[in-house]
Amino acid sequence: MENKAAQFLERYREIEEWVLNNLNISEMKELEQMPQYKGIRSNLAFCRMLRNLLSHYDWSKAGNDLVIVTDQAVRQVNNLYYSLNPVSLMRVAIRAGQIFAPSPEDSILAAVKVMQRNDYSYIPIVENHRIVGVFSTKTLMRLVADNNGIAFSESLKFKEIADYTRLVDEPNAHYGFISPNTTVEDVNLKFQRSKTRKVRLDMLFITDNGRSDGMLQGMVTPVEIL
């Protein structure tokens, strides 16, 4: 029991600390009466009672544990923690400074080499901290097909193929735009719903206003959300 009980109690301690710092109440039981927490009331009660059992009594007799903390109990207290204190989107996102984002003045060939080395499918084209286009492996194939096997030289720049990289409406794109205030749960739902679309979302760019004309803050893919 020791390891799982310790995990449970440590997480519950973090919950109590968050409640103390963020809510104007002194007793965890009061949470169960608050309307905004009606949906998690049973989990609040379960975790509170198990915490009291583990903290106030010695349930081990002759080396045998009379109270067993299961994996499910640990999941319950973790669910409670994230229900009360949701993970912020920017905490899991790839920050703007970590994104490979060439400018319109940069070489396409040099960018393609970076994409190949890192297995990138899409990269944003950024100017003055704003996304002005998105380049992908599909863009490259379309460019080659339309120009009869165009020869790529180091001098060919993104600004010269702006018609191929310009932003398109989200329903027709593999990418979208969201605000940094969007919850991780909402982002996950957005990815899940896109599976029923003709074009599935592969990434979401985070901008300060949640639109394509906003300042780039970061990006997320289903990998970060998972």
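The values are calculated or read from the model by the stated rules, or taken from the named source; none is laboratory data. Quantities reported herein were computed from a predicted structural model and do not represent experimental measurements. With ideal geometry, Cβ positions are generated from the backbone for all residues, glycine too; neighbour counts draw on all protein chains shown. With ligands, DNA and RNA removed, areas are computed over all heavy atoms of the protein, side chains included. Shrake-Rupley method; radii C 1.70, N 1.55, O 1.52, S 1.80 Å.
How many residues are open to solvent by less than 80 Å² (accessible area, probe 1.4 Å) and either farther than 12 Å from Val220 by Cβ or out of contact with any Asp or Glu (no Cβ under 6 Å at 6 or more places or on another chain) (or both) if we restrict to the stretch 164-207? Reasoning before the result, please.
Restricting attention to the stretch 164-207, the residues satisfying the condition of being open to solvent by less than 80 Å² (accessible area, probe 1.4 Å) are 164-165, 167-168, 170, 173-180, 182-184, 187-191, 194, 197, 199, 201-207.
Those still in the list that are either farther than 12 Å from Val220 by Cβ or out of contact with any Asp or Glu (no Cβ under 6 Å at 6 or more places or on another chain) (or both) too: 164-165, 167-168, 170, 173-175, 177-180, 182-184, 187-191, 194, 197, 199, 201-207.
The number of residues fulfilling the criteria is 30.
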List the number of the failed condition for Leu9; all other conditions in (1) within 18 Å of Val67 (Cβ to Cβ); (2) open to solvent by less than 50 Å² (accessible area, probe 1.4 Å) hold.
-> (2)
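What helices (runs of 4 or more DSSP H) lie completely within the stretch 65-138 and have 2 or more residues being under 20 Å from Leu201 (Cβ atoms) and touching a Cys at 6+ places or on another chain (Cβ under 8 Å)?
Numbers: elements: 71-84, 89-92, 108-118.
Answer list for the stretch 65-138: none.
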Count of residues meeting criterion [touching a residue at least 12 places away in the same chain (Cβ under 8 Å), open to solvent by less than 90 Å² (accessible area, probe 1.4 Å) and of a type outside the set (S, T, N, Q)] in the stretch 128-145 | 7
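When you scan the stretch 162-169, do you find a residue that is of a type outside the set (Asp, Glu), in a helix (DSSP H, G or I) and over 21 Å from Ala96 (Cα atoms), even just one?
Start the filter on the stretch 162-169 by keeping residues that are of a type outside the set (Asp, Glu), which leaves 162, 164-168.
Going one step further and asking which of them are in a helix (DSSP H, G or I), we end up with 162, 164-165.
Those left that are additionally over 21 Å from Ala96 (Cα atoms): 162, 164.
Yes, that holds for at least one residue.
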Val199 being over 22 Å from Pro102 (Cα atoms), assigned to a loop (DSSP other than H, G, I, E, B) and modelled with pLDDT under 90 = yes
Identify, please: which residue in the stretch 65-121 is over 28 Å from Leu189 (Cα atoms) and polar (S, T, N, Q) and is, among those, surrounded by the most Cβ atoms within 10 Å (Cβ to Cβ)?
-> Ser107
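Would you point out the residue of the stretch 17-36, among those that are open to solvent by less than 60 Å² (accessible area, probe 1.4 Å) and either free of Cβ contacts under 8 Å to residues at least 12 places away in the same chain or among the acidic types (Asp, Glu) (or both), that is farthest from Arg75 (Cα to Cα)?
Filtering the stretch 17-36 for residues open to solvent by less than 60 Å² (accessible area, probe 1.4 Å) gives 18-19, 23, 25, 28, 31-32, 34.
The next check asks that each one be either free of Cβ contacts under 8 Å to residues at least 12 places away in the same chain or among the acidic types (Asp, Glu) (or both); those that pass are 23, 25, 32, 34.
Numbers: Leu23: 23, Ile25: 25, Glu32: 19, Met34: 23 Å.
The residue in question is Ile25.
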